[in-house]
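First up is the structure itself, then whatever we jot down about it.
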Amino acid sequence: MIFRSAVCEALGAPALAMATTFLAFGAAVQAAGIGLGWALAAAQLVYGMPGQMVLLAALGAPGGPLPAVLGAVAANARFLPMAVALAPWLGGRGAARFLALPFIAVTPWAMAMRRLPQMPVPERLTWFLGFALTSWTVAGLSTWLGFVIAPMLQGWVLAALLFVNPLYFGVILAGETRFAPARRAVLCGMAATPLVLLLPASWALLGAGLVGGTAAFLWSLRVEQR
Amino acid sequence: MSNAELALLLLILGCAAMRGAGLLVAGRLRTDHPFVRWAAAVSLATLTAFVLAAVVAPGGILAEIPLAARGAGLTASVSILFWRGGLALPVLGGLAVTLALAALFNA
């Protein structure tokens, strides 16, 4: 019952947002000349769109896979604090909570942090798995569809579809600016963005993220010490 | 194994390690631990740089959308978010503005 309720909840607005963004990712992989297997593996096993997009963008740059991977890991570094924050709400001790491991991503995490605290402890993990499995399935199907339809889309229509990802993350970032530390990270990230144009392409996003993120962290420490 | 496949494999392992470490240390490492806060800040800053670079100076096929359409699309998305909230509506609204302006400029 609780599983079915979570599936229904996931099939609303979250599924629409997930479908659009993973459709765009599938189309972006196709446009980059990489295979469907790679697209599906990225969508289902990385399951973190920021890192997926950063990796895809950095693969075209010279410098080998290492800087591309480091930049993508940095973009998905939020998995660590997200998992730390989510774990106490999942209920289930020991191994059971690790069932949630592959599904910790922005959309399921944000919804879970909103819903789980109001739910009886024994129902929490089941709810999370129902919601997350549905979102994960939508992500895979949308990636496949985006990859297949990309060649049928022409010029600026395909470009507009690819623009869904920056829009999606722009909205997520704007939503997070309600909280002061996140607001500082976004502001410092904006200030560090010119580094993307100045640094070697393969290190550009990682460099801007490290400089901006570290500056934001130090800014927050300074504010708290006052 | 190609560079793209190797990079993907490393990213998959890296993401699983971060999720696993988070679940493992939960309860031992508080969410306000300096390392966790630094990682969260770097993550947000990297994502911000990705979004802003995609709007201001994109590479590849994204550059086919005029700068004004990209900027207006993002502005519309954020405006709808602060006006109505939600996730899907702001994204679709921004996409609609981007498409309309791109069509206008490409007509």
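Summary table below
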item	result
Scan of the range B:8-40 for residues that are at pLDDT 85 or above, under 27 Å from A:MET190 (Cβ atoms) and of a type in the set (A, V, I, L, M), ordered by number	B:LEU11, B:MET18
Residues of the range A:88-109 that turn out to be out of contact with any helix residue (DSSP H, G or I) (no Cβ under 7 Å at 6 or more places or on another chain) and open to solvent by less than 40 Å² (accessible area, probe 1.4 Å), as a count	1
Any chance B:LEU52 is modelled with pLDDT of 90 or more, within 7 Å of chain A (Cβ to nearest Cβ) and crowded, with 20+ Cβ neighbours inside 10 Å	yes
Qualifying positions in the range A:47-80 - surrounded by fewer than 24 Cβ atoms within 10 Å (Cβ to Cβ), modelled with pLDDT under 80 and not aliphatic (A, V, I, L, M)	A:GLY60, A:PRO62, A:GLY63, A:GLY64, A:PRO65
Members of the range A:131-145 found to be open to solvent by less than 20 Å² (accessible area, probe 1.4 Å), under 14 Å from A:ALA39 (Cα atoms) and not aliphatic (A, V, I, L, M), listed by number	A:GLY140, A:SER142, A:THR143
A:VAL148 surrounded by fewer than 21 Cβ atoms within 10 Å (Cβ to Cβ) and under 17 Å from B:PRO58 (Cα atoms)	no
Residues that are assigned to a helix (DSSP H, G or I) and either surrounded by fewer than 16 Cβ atoms within 10 Å (Cβ to Cβ) or out of contact with any helix residue (DSSP H, G or I) (no Cβ under 6 Å at 6 or more places or on another chain) (or both), drawn from the range A:211-226	A:THR214, A:LEU218, A:LEU221, A:ARG222, A:VAL223, A:GLU224, A:GLN225
Residues of the range A:9-31 classified as touching a helix residue (DSSP H, G or I) at 6+ places or on another chain (Cβ under 7 Å) and surrounded by fewer than 19 Cβ atoms within 10 Å (Cβ to Cβ), total	4
The listed residue being open to solvent by less than 10 Å² (accessible area, probe 1.4 Å) and either free of Cβ contacts under 8 Å to residues at least 24 places away in the same chain or in contact with an Asp or Glu (Cβ under 6 Å, 6 or more places away or on another chain) (or both), out of B:SER79, B:SER43	B:SER43
Members of the range B:22-35 found to be facing another protein chain (nearest Cβ under 7 Å), within 23 Å of the chain's Cα centre (by Cα) and either under 21 Å from A:VAL29 (Cα atoms) or surrounded by fewer than 20 Cβ atoms within 10 Å (Cβ to Cβ) (or both), listed by number	B:THR31
A:VAL157, sole failed condition from (1) out of contact with any Ser or Thr (no Cβ under 7 Å at 6 or more places or on another chain); (2) more than 14 Å from B:THR48 (Cα to Cα); (3) surrounded by 18 or more Cβ atoms within 10 Å (Cβ to Cβ)	(3)
The lone exception for A:LEU199 - which of (1) open to solvent by 20 Å² or more (accessible area, probe 1.4 Å); (2) facing chain B (nearest Cβ under 7 Å) it fails	(2)
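The values are calculated or read from the model by the stated rules, or taken from the named source; none is laboratory data. Treat the numbers as computed from the prediction; the structure is a model and nothing was measured. Every residue, glycine as well, gets a Cβ built from its backbone with ideal geometry; the counts of neighbours run over all protein chains shown. Keep in mind that these areas ignore ligands, DNA and RNA; they rest on the heavy atoms of the full protein, side chains included. Shrake-Rupley method; radii C 1.70, N 1.55, O 1.52, S 1.80 Å.
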